[in-house]
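Report on the following structure.
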2 protein chains.
Amino acid sequence: MKIFFAGSIRGGRQLIPTYQYIIRFLKYRNYTVISEHVAAEGLEKVEAKMSEQEIYEKDANWIKVCDRVIAEITVPSIGVGYEICHAVKHKKPVLCVYQDGAKASAMILGNTTGYVTAKAYSDKRQLEEILLDFLTTMNI
Amino acid sequence: MKIFFAGSIRGGRQLIPTYQYIIRFLKYRNYTVISEHVAAEGLEKVEAKMSEQEIYEKDANWIKVCDRVIAEITVPSIGVGYEICHAVKHKKPVLCVYQDGAKASAMILGNTTGYVTAKAYSDKRQLEEILLDFLTTMNI
C-alpha cells in the first residue's frame, strides 16, 4: 500500500520529529511512503533547486497514484489543506491527525465528502493506534 | 459578481485588519462578498454555535455558487488551502495574495491547473491594483 504523507513545509517545520516518527512507524510496518521527503531536514534547500511547478506536479501526481493519504494537520499549512482536497477529488481515503488541543479546521472536522477522517492524539501510543486503525480498515 | 473571500480562521487571526480592508475595498466597488464573516471579530464565537458539518457545507456551497475566489494566504491555514483546491475543482478563478516576503506554498505558486494566480503585495496600493486587475480581467 502506497501512502502519501502530508505535513507542513513552508507553513512551519516545528513538527519535523513527529513527521519522522509517523514515517518511520509506517515504513517499519512495510508501508511505502512516497512523500518521505516531507520529514527531511534541509528539504527547503532541496526544493529550492526545483521550480514551483515541478514541486506542484510531483506532489499532485503522487496523490493521484497513492492508495491513501495521511496528513498531520497540527501546524497550519496552505499546501497540506490543498493536498487533502486534491486527495478527496481523486477519491483517496484521507486520515488527518492532530495534537489534542490544536485548532483543526472545520473544512476537515466537518468534511462531509466521506473521504476524510480526523482524529486527535494525546501521545505516541494513541497516534499509532489511530494510524493502524486507518490502515487496516478497508472501508472508512 | 459574487466573490468568496478566504482567510485564516483557526490558523490564526492576526491579519483580520487586512481581511477587513480587502472586503471593504471590494464592497465599495459594488462586488458582493458572500463570505464577509471571515473578517469579523468574534467569528469563532458565532461558529461555535454551528456544527463543524454546517460550517463545511456553508463554505463548500458558497465556493460552488460564487464567481471568483480571493484568498489572503499570508497566514498558513489548512482551511484556506482546502478552499482554494475546492474552488479549482469547481473551475472558479482564484486569486491568492500574500505579503511580500511571506512563504507561499508551492501548491499555490506552482499550481498548473490554470485557475490559480498568486501575487505578492508590499503595500495597500499594490494590493488594490492586484485585486482590480484580477476582477476586471475576464480571462486569467
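The values are calculated or read from the model by the stated rules, or taken from the named source; none is laboratory data. Just so you know, these numbers come straight off a predicted model, no measurement behind them. Neighbour counts are summed over all protein chains in view; Cβ atoms, including those assigned to glycine, are modelled from backbone coordinates with ideal geometry. For the accessible areas, the whole protein counts, side chains as well, though only heavy atoms, and no ligand, DNA or RNA atoms are used. Shrake-Rupley method; radii C 1.70, N 1.55, O 1.52, S 1.80 Å.
Brief remarks follow.
- Candidate cross-link partners of A:K58 among the aspartates and glutamates, defined by an alpha-carbon separation under 18 Å and a same-chain spacing of 8 or more, comprise A:E36, A:E44, A:E47, A:D67, A:E83.
- Accessible area buried between chains B and A, both sides summed, probe 1.4 Å, in Å² to nearest 100: 3200
- Under the Debye formula (equal points on every Cα, no solvent term), log10 I(q)/I(0) of segment A:1-52 at q = 0.13 Å⁻¹: -0.31
- Threshold 30 Å² - residues in segment A:97-123 whose accessible area is reduced by that much or more when the chain is no longer isolated, probe 1.4 Å: A:K103, A:S105, A:A106, A:M107, A:L109, A:G110, A:T112
- Under a Gaussian network description of chain A, with springs only between Cα atoms under 10 Å, the residue in A:L95, A:L127, A:L109 that fluctuates furthest is A:L109.
- When each of B:K92/B:K124; A:K89/A:K119; B:K91/B:K119; B:K2/B:K45; A:K64/B:K124; A:K91/A:K119 is checked by Cα-Cα distance, pairs over 28 Å: A:K64/B:K124
- Assuming charge only on the beta carbon of Lys and Arg (+1) and of Asp and Glu (-1), the dipole of the protein assembly as shown about its Cα centre is about 340 debye to the nearest 20.
- With all protein chains modelled, accessible area of A:W62 [1.4 Å, Å²]: 70
- Under the simplified labelling scheme, the A:T113-B:E36 pair shows an inter-label distance of 3.0 nm, with each label point 7 Å from Cα along Cα→Cβ.
- Segment A:42-121: proportion of alpha-carbon pairs further apart than 15 angstrom, %: 58
- Under the combined filter of DSSP loop state and at most 13 neighbouring Cβ atoms within 10 Å, segment A:5-44 retains these trypsin sites (Lys or Arg not before Pro): A:R29.
- Loop-located trypsin sites (Lys or Arg not before Pro) in segment A:62-92 (DSSP state other than H, G, I, E, B) with a sparse environment of at most 16 neighbouring Cβ atoms within 10 Å: A:K91.
- Separation of alpha-carbon centers, segment A:6-48 and segment A:67-98, rounded to whole Å: 14
- Note: chain B, Cα convex hull, 100 Å³ per residue.
- Heavy-atom surface analysis with a 1.4 Å probe gives segment A:33-140 a carbon and sulfur content of 49 percent of its accessible area.
- Computed label-point distance, nm, for sites A:D67 and A:F25 using a 7 Å Cα→Cβ extension: 1.8
- Net charge contributed by nearby residues that have their C-beta within less than 10 Å of B:A87 (K/R +1, D/E -1): +4
- Those Cys residues of the protein assembly as shown for which no other cysteine Cβ falls under 4.7 Å: A:C66, A:C96, B:C66, B:C96
- Per residue, segment A:13-140 exposes an accessible area of 47 Å² to a 1.4 Å probe, with every protein chain left in place.
- With each label modelled as a point 7 angstrom along the Cα→C-beta vector, the A:R13-A:K103 pair spans 2.6 nm.
- Tail weight of P(r) past 33 Å, computed on alpha-carbon pairs of the protein assembly as shown, percent: 19
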